[in-house]
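All remarks here apply to the structure that follows.
Every number in this text was worked out from the coordinates using simple rules, so none of it is lab data. These numbers come from a predicted model, not from an experiment. A quick note on method: Cβ atoms are made from the backbone with ideal geometry, for glycine too, and the neighbour counts reach across all protein chains shown.
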Amino acid sequence: MLEAKLDQASILKKVVDAIKDLVQDCNFDCNDSGIALQAMDNSHVALVSMALKAESFQPYRCDRNIALGLNLTSLTKVLRAAQNEDMLTLRAEDAPDSLNLVFESKADDRISEYDLKLMDIDQEHLGIPETEYAATITLPSSEFRRICTDLMALSESVTIDASKDGVKFSCTGDIGNGAVTLRSHTNVDKPELNVDIELSEPVSLTFSLKYLVNFCKASALSHQVKICLSNEVPLLVEYALENQSHLRFYLAPKIGD
Amino acid sequence: EGTQSNITRYFEGA
């Protein structure tokens, strides 16, 4: 059976909030190392990869591999009943028809309990190759969201150029052009505001802003986001969580005609 | 602005 307790329901609430507009039905794959999810959006342009490691739960127990087939809209309805600060326990039998969720308030003795029906989901799993990216940019997640939303007001696409001069996000639209350039920057007092650019070779790629803005719904999970680029491969946008857990988004580039 | 490519072009089915 599976029993996994999070100290704060907000972690799962934020993860599901961040991906529910991209993915509707997906398996939560549970094994002794934790709970993982991999799913493509309907148009097969983006891929979501989540790993909540066993260490992120206390306690964590999973005797056999279990796939929890979940409709994320339904899961959202149940998670809405949890306060951010509640402790959240997920429970399931080895061949479950439903997922049991228990929310416990730390402040009082309130315990709420829900059973969510599961579904059989036949999901295609993709092998994601280990990639040495040409450019890795770590920046405040709020900054990345701001850049994406600002540029989306002008255009459907953004071109990301990483060079020794910095990283430039630029777009061209009917009403005009826009560009934001960031350079490496260290804030000793507030490291969450740092911008770090690691570059082994210059990169230039174009992506759909609609998807990037969607990924930015994960900004609540982490102060910083890491974006990794190499020419002619999908962009990786990673929000790191505690205990090596993470939420990653991959986005296929736009390519020349 | 180019054509949107598909993620399955880069990642293989397991």
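The translational diffusion coefficient of region A:138-257, from Stokes-Einstein at 25 °C and 0.890 mPa s with a Kirkwood hydrodynamic radius over alpha carbon pairs, comes to 167 µm²/s. Selection among A:ALA134, A:PRO191, A:ILE175 by position relative to the dipole of region A:113-219 gives A:ILE175 as farthest towards the positive end (Cβ unit charges, Cα centre).
With an 8 Å cut-off on Cα pairs and a minimum separation of 6 or more residues, tell me the relative contact order of chain A in percent. Don't skip to the answer; put the middle values down first.
Values: 600 pairs, mean separation 52.2, N = 257.
Contact order relative to length: 20 percent.
For chain A, the mean residue ellipticity at 222 nm estimated from helices alone is -4000 deg cm²/dmol, where every DSSP H run of n ≥ 4 contributes -39500 (n - 2.57) and the total is divided by all residues, rounded to the nearest 500.
With a cut-off of at most 13 other beta carbons within 10 Å, and DSSP calling the residue loop, which trypsin sites (Lys or Arg not before Pro) in region A:69-114 qualify? Please list them.
On the way: sites: A:LYS77, A:ARG80, A:ARG91, A:LYS106, A:ARG110; in loops: A:ARG80, A:LYS106, A:ARG110.
Of the trypsin sites (Lys or Arg not before Pro), the ones in loops of region A:69-114 whose Cβ has at most 13 other Cβ atoms within 10 Å are A:ARG80, A:LYS106, A:ARG110.
Under a point-charge model restricted to the Cβ atoms of Lys and Arg (+1) and Asp and Glu (-1), what is the dipole moment magnitude of region A:1-130 relative to its Cα centre, in debye to the nearest 20? Each step should come with its number before you reach the end.
On the way: 13 positive and 24 negative charges, 70 e Å.
My answer is approximately 340 debye.
FRET efficiency for the pair A:ASN31 and A:ILE175, taken as 1/(1 + (r/R0)^6) with r the Cβ-Cβ distance and R0 = 35 Å, rounds to 0.10.
Taking 0.36 nm per residue of separation and subtracting the Cα-Cα distance, full extension of the segment from A:GLN24 to A:GLU242 would add 75.9 nm. Under a no-solvent Debye model with one identical scatterer per Cα of the protein assembly as shown, what's log10 I(q)/I(0) at q = 0.12, 0.13, 0.16 Å⁻¹? Reported log10 I(q)/I(0), two decimals: -0.77, -0.89, -1.23. Taking the number of Cβ atoms within 10 Å of each Cβ as an exposure proxy, the fewest-first ranking of A:PHE103, A:PHE144 is A:PHE103, A:PHE144. As a proxy for reagent exposure, ranking A:ILE19, B:ILE7 by other Cβ atoms within 10 Å from fewest up yields B:ILE7, A:ILE19.
Out of region A:161-257, which trypsin sites (Lys or Arg not before Pro) are coil in DSSP terms and have no more than 15 other C-beta atoms within 10 Å? Please report the intermediate quantities before stating the final value.
Values: sites: A:LYS164, A:LYS168, A:ARG183, A:LYS210, A:LYS217, A:LYS226, A:ARG248, A:LYS254; in loops: A:LYS164, A:ARG183.
Of the trypsin sites (Lys or Arg not before Pro), the ones in loops of region A:161-257 whose Cβ has at most 15 other Cβ atoms within 10 Å are A:LYS164, A:ARG183.
Straight Cα distances below 15 angstrom link A:LYS13 to the aspartates and glutamates A:ASP21, A:GLU85, A:ASP86, A:GLU104, with same-chain residues fewer than 8 positions distant left out.
Couplings 3J(HN,Hα) of region A:239-252, computed from phi: 9, 8, 10, 5, 6, 6, 6, 7, 10, 10, 10, 10, 10, 5 Hz, in residue order, whole Hz [Karplus 6.51 cos²θ - 1.76 cosθ + 1.60, θ = phi - 60°; x for Gly and Pro]. In terms of other Cβ atoms within 10 Å, A:GLU55, A:GLU143 run from fewest to most in the order A:GLU55, A:GLU143.
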